[in-house]
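The values are calculated or read from the model by the stated rules, or taken from the named source; none is laboratory data. Please read all numbers here as calculations on a predicted model, not as lab measurements. Ideal geometry is used to build each Cβ from the backbone, glycine not excepted, and the neighbour counts take in all protein chains shown. Side chains are part of the model used for accessible areas, which takes the heavy atoms of the whole protein and leaves out ligands, DNA and RNA. Shrake-Rupley method; radii C 1.70, N 1.55, O 1.52, S 1.80 Å.
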Amino acid sequence: MSVTVYVPCDTTALAMGADAVADTTRQAANQRGVELNLVRNGSRGLFWLEPLVEVATPNGRLAYGPVKAADVDSLIDAGLFEGKTDHPLALGPTDDIPYLKNQQRLTFSRIGVTDPLSIDDYRAHRGFAGLEKALNLDGQAIVDAVKASGLRGRGGAAFPTGIKWQTVHDEPAGQKYIVCNADEGDSGTFADRLVMECDPYLLIEGMTLAGLAVGADQGYVYLRSEYPVAHRIFSEALARAYDAGYLGRDIRGSGRHFDLEVRLGAGAYICGEETSLLDSLEGKRGMVRAKPPLPAIKGLFGKPTVVNNVLSLAAVPFILDQGAQAYADYGMGKSRGTLPLQLAGNVKRGGLVELAFGITLRELMEDFGGGTLTGRPLKAVQVGGPLGAYLPQSQWDTPIDYEAFAAFGGVVGHGGVVMFDDTVDMGEQARFAMEFCSVESCGKCTPCRIGAVRGVEVIDRLRAGENVETNRELLADLCDTMVDGSLCAMGGMTPFPVQSVMKHFPDELTHRPT
Amino acid sequence: MSQAAVQAAQDWTLEQIQQEIDAHRHRPGAMLPILHAIQDRFGYVPEAAVPLIAESMRQTRAEVHGIISFYHHFRTRPTGSHVVHVCRAEACQAVGARQLEAHIKERLGIDFHQTSADNEITLEPVYCLGNCACGPSVRVDDDVHGRVDADTFDRLVEQLTTTAVEVK
Ligand SMILES: Cc1cc2nc3c(=O)[nH]c(=O)nc-3n(C[C@H](O)[C@H](O)[C@H](O)COP(=O)(O)O)c2cc1C
Ligand code: SF4
Ligand code: FES
């Protein structure tokens, strides 16, 4: 009799030692004459438990974690292979872990469950079901389904995906492109990475659906070079999808055609901005383009182009398979469906939390996150990446919803939630926002290129206690100038974290005794 | 020219660089794939590649320089045996990345974009590795490490330098 054991293979599991756990488990099984079927599954996204080892039993999968290589022998002695659960690392049935059980996983329904590269696994869990349906639909019907789902772009700007697709669909037939924005530059985000590493066929299916919807036969995934594991796994999935007839000419005998290629970025945050990304894909410096023309009308190589975030595209297979209404049934107000939130930074239980819009930040950080890693009081949280405001306690009861956040100047962005305990120096954080902008600005406009450098200098002077009143005014003016005078959100939003510190943590921008 | 640079200068030939260019030049938007291919093979984009790329892609040398210098990933000088990227972004800051960065610079005796005196390690900053729930994060060549503190970093460096010696 053979035993099936799962050891995840995503970046974080690997970073926490999953390869060593897998090797040790293999050796131990060998020594003990146990016939082992070791599956390198994706991660469940419960990162504080990684490496999260699972064993298959007649009653479902049981979880153990976080497992170090040095724990493997004692786990096996305590009956890991027999599904015994008296070891201190035993967590019981995986599906019953509250963090997982209390989620609403639509996009992430398969992650951690399957072997990311197995097409059979993918199909066994409703994979390609949306595509099979869509192959019999015309483009407009697919666009209509996406519109009816209420899906809005998950990359940051929250623009309705169906309307973007309609624009590209309505352009005259000819060369059109689907571009997937997998630049995921925001600190505190890893959901795009998880899709590409743990469920790569989902993105392939979503992009193919986009191609069928708008009449595009070529897609590009623009992936950041900081993600070597995602690059390896996704490239392998692409090759296998071609072999199995899910990509290329005549997809599954339908007569439809879609080609897909992955391209690596080169370490520039601004290349996550869609027009800069297109310039980069064309082989240029990633300079931001003025809009209009919209990429939907004149995009890659001047052709009509859909640019969507990984998560937007990855939401579409569910919508086609289960129906637009099934997706729209989740959410609140104009934020429909689910949002993959990412808990990061100083958090006890960090990971991926997919939920319908509407949960409050406090519930997320306390009920799911379990508070800070250090156990100290939580002081501030940055939502929406490096351009997002730092939110003080008074704002933690806001429900996570695009409009509710916009109402107080916050951004949901890509759903990254970065927690800080009370040892954080908010003045440093404000300074870093400006420093980051000065490193990553594309350089096209003065308020951003020069303003960010000046911003660092002014904050340094403030913190040195020089001319506090004058410098405070100067900083406020500088922020206004950047907000008003920048071409894109890099310069236009960098002031948000700075202004939030000025407003909510003013004492930390003055001279502090050391 | 330092000993290391002389050594590195022998790591490529113009023909080899041209091979990489020719393997990709016909793709749409070939510039980044070409630069990646050259850097993947030789560890950096040698100065001598610029005129070849410019010629093949029908661009000026200034344009090619402009592209290489725009992207943090591309480098024009050889690295040490290993490249260490330290995450400087917010989620890692929240769990001690600033202190770790200071320790690393002191331990290696170098600043960012520099290579240690024994030519083992080149140090680079990075803004997020997607391991933000288990920071501080450090990437050594293509492997990401989580929850890195001063001790684990020192052990990592020891492992790197001892294996390098064994190989030689
Ligand atoms: C400075 C900057 C960085 C951005 N980075 C990303 C990114 O890493 N990933 C992403 O999907 N969108 C990013 N965006 C948003 C994109 O410009 C664009 O709105 C998005 O790709 C559209 O896809 P969606 O409608 O599916 O969200 C960024 C925008 C700005 C201004
Ligand atoms: S705001 Fe900054 S990043 Fe955006 S276009 Fe202007 S200079 Fe470039
Ligand atoms: S912020 Fe360091 S890995 Fe994301």
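Table for the structure above
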item: Whole-percent carbon and sulfur share, accessible surface of chain B, 1.4 Å; result: 49 percent
item: Shape of the stretch A:182-231, Cα gyration tensor, a/c cut at 1.5; result: prolate
item: Separation in nanometres of the label points that stand 7 Å from Cα toward Cβ, at A:ASP250 and B:HIS113; result: 5.4 nm
item: DSSP-loop GluC sites (Glu not before Pro) across the stretch B:3-102, with at most 16 other Cβ within 10 angstrom; result: B:GLU47
item: Kirkwood-type radius of the stretch A:103-251, with distances r between different C-alpha atoms, in Å; result: 16.1 Å
item: Expected-Rg normalisation [2.2 N^0.38 Å, Cα atoms] applied to the stretch A:200-321; result: 1.06
item: Cα-Cα P(r), the stretch A:58-114, percent of pairs per 5 Å interval; result: 4, 17, 26, 21, 16, 10, 5, 1
item: A:THR470/A:LEU36 FRET efficiency (R0 56 Å; Cβ-Cβ; nearest 0.05); result: 0.20
item: Projected label distance in nm at A:THR374 and B:THR60, using a 7 Å step from Cα toward the beta-carbon; result: 5.2 nm
item: Sparse-neighbour loop sites [GluC sites (Glu not before Pro); the stretch A:190-265; at most 10 other C-beta within 10 Å; DSSP]; result: none
item: Of all accessible heavy-atom area on the stretch A:284-398, the percent that carbon and sulfur account for (1.4 Å); result: 54 percent
item: Accessible-area ranking of A:ASP397, A:ASP460, largest first, probe 1.4 Å; result: A:ASP397, A:ASP460
item: Percent RCO, i.e. relative contact order, over the stretch A:411-501, from Cα pairs under 8 Å lying at least 6 residues apart; result: 32 percent
item: Phi to ³J(HN,Hα) by Karplus 6.51 cos²θ - 1.76 cosθ + 1.60 over the stretch A:344-357, Hz, x for Gly, Pro; result: 8, x, 8, 9, 6, 10, x, x, 8, 10, 8, 9, 4, 4
item: Folded to 0 to 90 degrees: helix B:61-70 orientation relative to chain B principal axis, Cα; result: 20 degrees
item: Net lengthening on full extension, A:ARG362/A:LYS84 (0.36 nm per residue, minus Cα-Cα); result: 96.5 nm
item: With every protein chain in place, the stretch A:174-275: carbon and sulfur % of accessible area (1.4 Å); result: 43 percent
item: Burial of 50 Å² or greater, the stretch A:279-299 residues [accessible area, probe 1.4 Å, versus chain by itself]; result: A:GLY283, A:ARG285
item: Drop in accessible area of at least 40 Å² in the complex versus isolated chain, residues of the stretch A:322-349, 1.4 Å probe; result: A:GLY345
item: Relative contact order %, the stretch A:443-492, counting alpha carbon pairs below 8 Å whose residues are six or more apart; result: 46 percent
item: FRET efficiency for A:LYS334 and B:LEU14, using Cβ-Cβ distance with R0 set to 51 Å, rounded to 0.05; result: 0.30
item: Alpha-carbon centroids, the stretch A:448-469 and the stretch A:300-335: separation in whole Å; result: 42 Å
item: Accessible area (Å², 1.4 Å probe, nearest 10) - B:ILE17; result: 0 Å²
item: Relative contact order (%) - criterion: Cα under 8 Å, at least six apart; region: chain A; result: 13 percent
item: Probe 1.4 Å - accessible area at A:LEU131, Å² to nearest ten; result: 0 Å²
item: Debye-sum result for the stretch B:26-99 in log10 I(q)/I(0), which assumes one identical scatterer on each alpha carbon, at q = 0.11, 0.25 Å⁻¹; result: -0.38, -1.13
item: Solvent-accessible area per residue, Å², over the protein assembly as shown with all protein chains present [probe radius 1.4 Å]; result: 38 Å²
item: Nearest-ten-degree value, helix B:150-167 long axis tilted from longest Cα axis of chain B; result: 50 degrees
item: Value of [θ]222 nm, deg cm²/dmol, for chain A, DSSP H segments ≥ 4, -39500 (n - 2.57) each, nearest 500; result: -11500 deg cm²/dmol
item: B:HIS65 - accessible surface, heavy atoms, 1.4 Å probe, Å² rounded to 10; result: 80 Å²
item: Helical segments meeting 18 Å axial Cα length and Kyte-Doolittle -1.0 threshold in chain A (DSSP H); result: A:18-31, A:200-214, A:228-243, A:310-322, A:426-440, A:446-463, A:468-485
item: Per residue, the convex hull volume that the Cα atoms of the stretch A:195-268 enclose (Å³); result: 80 Å³
item: Residues along the stretch B:20-47 losing 10 Å² or more of accessible surface when the other protein chains are present rather than the chain by itself (probe 1.4 Å); result: B:ARG27, B:PRO28, B:GLY29, B:MET31, B:LEU32, B:PRO33, B:HIS36
item: Span from the the stretch A:1-72 Cα centroid across to the the stretch A:153-195 one, whole angstrom; result: 35 Å
item: Percent antiparallel among DSSP beta bridges (both partners in chain A, rounded to 5); result: 55 percent
item: Radius ratio Rg over Rh of chain B, counting only Cα atoms, Kirkwood formula for Rh; result: 1.02
item: Heavy-atom accessible area order for A:THR470, A:THR275, largest first, 1.4 Å probe; result: A:THR470, A:THR275
item: Interface area, A with B, accessible, probe 1.4 Å, both sides summed, Å² nearest 100; result: 3700 Å²
item: 0 to 90° range, to nearest 10: angle between helix B:31-42 axis and chain B longest Cα axis; result: 70 degrees
item: Cα-centre dipole for chain A with unit charges at Cβ (Lys and Arg positive, Asp and Glu negative), debye to 20; result: 820 debye
item: Estimated D of chain A in µm² per second, where Rh is the Kirkwood radius over Cα pairs and Stokes-Einstein applies at 10 °C, 1.306 mPa s; result: 66 µm²/s
item: Accessible-area order (highest first, 1.4 angstrom probe) of the listed residues B:HIS82, A:HIS231; result: A:HIS231, B:HIS82
item: The stretch A:6-97: mean projected area of Cα convex hull, nm²; result: 5.2 nm²
